[in-house]
1. Sort out which residues of the range 106-116 are among the aromatic types (Phe, Trp, Tyr), crowded, with 16+ Cβ neighbours inside 10 Å and more than 14 Å from the ligand (Cβ to nearest atom), and write them in order of number.
2. Applying the selection to the range 219-237, what residues are more than 26 Å from Ala332 (Cβ to Cβ), outside any loop (DSSP other than H, G, I, E, B) and open to solvent by 10 Å² or more (accessible area, probe 1.4 Å)?
3. Does the range 262-279 hold any residues that are polar (S, T, N, Q), touching a residue at least 60 places away in the same chain (Cβ under 8 Å) and away from the ligand (no atom under 13 Å from the Cβ), and which are they?
4. Would you point out which residue out of Gly103, Gly73, Gly119 is closer than 24 Å to Leu334 by Cβ, open to solvent by less than 40 Å² (accessible area, probe 1.4 Å) and among the small types (Gly, Ala, Ser)?
5. Kindly check whether there is at least one residue in the range 239-255 that is assigned to a helix (DSSP H, G or I), among the polar types (S, T, N, Q) and modelled with pLDDT of 95 or more.
6. State the number of residues belonging to the range 207-217 that are within 24 Å of Ser109 (Cβ to Cβ) and either open to solvent by 10 Å² or more (accessible area, probe 1.4 Å) or of a type in the set (Lys, Arg) (or both).
7. Take Thr257 and tell me if it is within 16 Å of the ligand (Cβ to nearest atom) and in contact with a Gly (Cβ under 9 Å, 6 or more places away or on another chain).
8. Applying the selection to the range 321-354, what residues are surrounded by fewer than 20 Cβ atoms within 10 Å (Cβ to Cβ) and either of a type in the set (A, V, I, L, M, F, W, C) or without any contact (Cβ under 8 Å) to a residue 12 or more places away in the chain (or both)?
Amino acid sequence: MLMRFRRLFLVFILLLPTGTGNTLAQSLREQADKRKLLIGAAVNPGRFSEAPYAETLAREFNMVEAENVMKWGGIRPAQDKFNFGPGDQVVAFAVAHKMKVRGHCLLWSEYNPAWLAKGSFTPEQLSKLLEEHITTVMKHYSGKVFAWDVVNESFLANGKIEPSIWYDSPGIGLAEKGTAYVEQAFRWARAADPKALLFYNDYDTEGLNPKSDAVYEMAKDFKKRGVPIDGVGIQAHIIDLDMAGISSLAANMKRLTALGLQVHITEMDVGLRLEKTGALMDQADLDRQAEIYRFVATVCVQEPGCAAFMTWGFTDKYSWIPGYTKGAKGKALLFDQAYAPKPAYRALREVLAR
Ligand code: XIL
């Protein structure tokens, strides 16, 4: 009798939907699929072997993006050497779980390998290197990566172009010519993979401000002159819990989509204040965080041109925020260190369910 009961109990357990008790309702992914919305997360393929990491990712998201392994610093260990292995693992995971892959990124002032950042190249050499890089990487992932952040973070907060190796130090030969170097990168990208969607991606560009104005003016100019650009990525690394800076997100998104561009929310996280011990300073911040996720996701689902919503990682266990803020902030994502969904997760699910 006891054996029988045990067997029955086992059958009952096996019939329960997979995942934790908290996720018996539909996953983010199921709801996003119904809306034809892409819901994604930045990933590190080195974690795919951790079962809850892989399970949560495949269950909740229909898109992945490499957090680092497709950047210059990950994919190009030496001038004459490309390391596609880790990026290929991201693609393989996506194929196995029927997810899309977003590419990040082909030109950035940061995360460049030392041989590039500390090398001494002429503008002509840098120009050749960049064209070769964009072409080689995009051709390798052609048909696998559907959209690329071609250029990442080119503007300062005041809307001026940020000095960088690609712009003016020494640049690819278009120094002091404003967004001409960005334009050149987009032209090479279109030639390399005509089917991939090409994005410009930046941070602190959620609301209307001098920086998002500069992004908008560039996009408008590119559209007018036929420079190939398909979308703008709004990173959404949110620092202020008061939402002041992001309250005009809808207006900003609208002016971009009115140009015929897609918008993707590309790197959302909301870092919370931490004690020295790593504990939350204020438990109520979890609810404030949930409201910020709710706000951004609501703006996205209400704007037809907002085609994707992505977070920068998905578990607090592996977020870049504690490292970046030297421990001052953390717990920025949808799942806690143990992969349990947080209030932010539930808020997002409510938005997608509506
Ligand atoms: C960050 C990664 O999360 C870190 O692991 C890495 O050390 C530095 O880059 N904006 C971007 C991302 O576009 O590429 C950055 O990712 C976070 C800010």
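1. To start, the set of residues in the range 106-116 that are among the aromatic types (Phe, Trp, Tyr) comprises 108, 111, 115.
Still in the list and also crowded, with 16+ Cβ neighbours inside 10 Å: 108.
Scanning the range 106-116 gives no hits.
2. Narrowing the range 219-237 to residues more than 26 Å from Ala332 (Cβ to Cβ): 219-230.
In the following step, the residues that additionally are outside any loop (DSSP other than H, G, I, E, B) were identified as 219-225.
Selection gives Lys220, Asp221, Lys223, Lys224, Arg225.
3. Step one: filter the range 262-279 for residues polar (S, T, N, Q), giving 262, 266, 277.
If we keep only those that are touching a residue at least 60 places away in the same chain (Cβ under 8 Å) too, we end up with 262, 266.
Answer for the range 262-279, where residues must be polar (S, T, N, Q), touching a residue at least 60 places away in the same chain (Cβ under 8 Å) and away from the ligand (no atom under 13 Å from the Cβ): just Gln262.
4. Numbers: Gly73 fails: closer than 24 Å to Leu334 by Cβ; Gly119 fails: closer than 24 Å to Leu334 by Cβ.
Of the residues listed, the single one that is closer than 24 Å to Leu334 by Cβ, open to solvent by less than 40 Å² (accessible area, probe 1.4 Å) and among the small types (Gly, Ala, Ser) is Gly103.
5. Going through the range 239-255, the residues assigned to a helix (DSSP H, G or I) turn out to be 244-246, 249-255.
Right, trim to among the polar types (S, T, N, Q) and you get 252.
Right, trim to modelled with pLDDT of 95 or more and you get 252.
Yes; the residues of the range 239-255 include at least one that is assigned to a helix (DSSP H, G or I), among the polar types (S, T, N, Q) and modelled with pLDDT of 95 or more.
6. Residues of the range 207-217 within 24 Å of Ser109 (Cβ to Cβ): 207, 209-217.
Cutting the leftovers down to either open to solvent by 10 Å² or more (accessible area, probe 1.4 Å) or of a type in the set (Lys, Arg) (or both) gives us 209-211, 213-214, 216-217.
Number of matching residues: 7.
7. Working: within 16 Å of the ligand (Cβ to nearest atom): no; in contact with a Gly (Cβ under 9 Å, 6 or more places away or on another chain): yes.
When the stated conditions are applied, Thr257 does not pass them.
8. Hits for the range 321-354 are Gly323, Tyr324, Lys326, Ala328, Ala338, Ala340, Ala353.
The values are calculated or read from the model by the stated rules, or taken from the named source; none is laboratory data. Predicted model only: the values in this text are computed from it and were never measured. Cβ coordinates were reconstructed from backbone atoms using ideal geometry, including for glycine residues, and neighbour counts include every protein chain displayed. Only protein heavy atoms, including side chains, enter the accessible area calculation; ligands, DNA and RNA are left aside. Shrake-Rupley method; radii C 1.70, N 1.55, O 1.52, S 1.80 Å.
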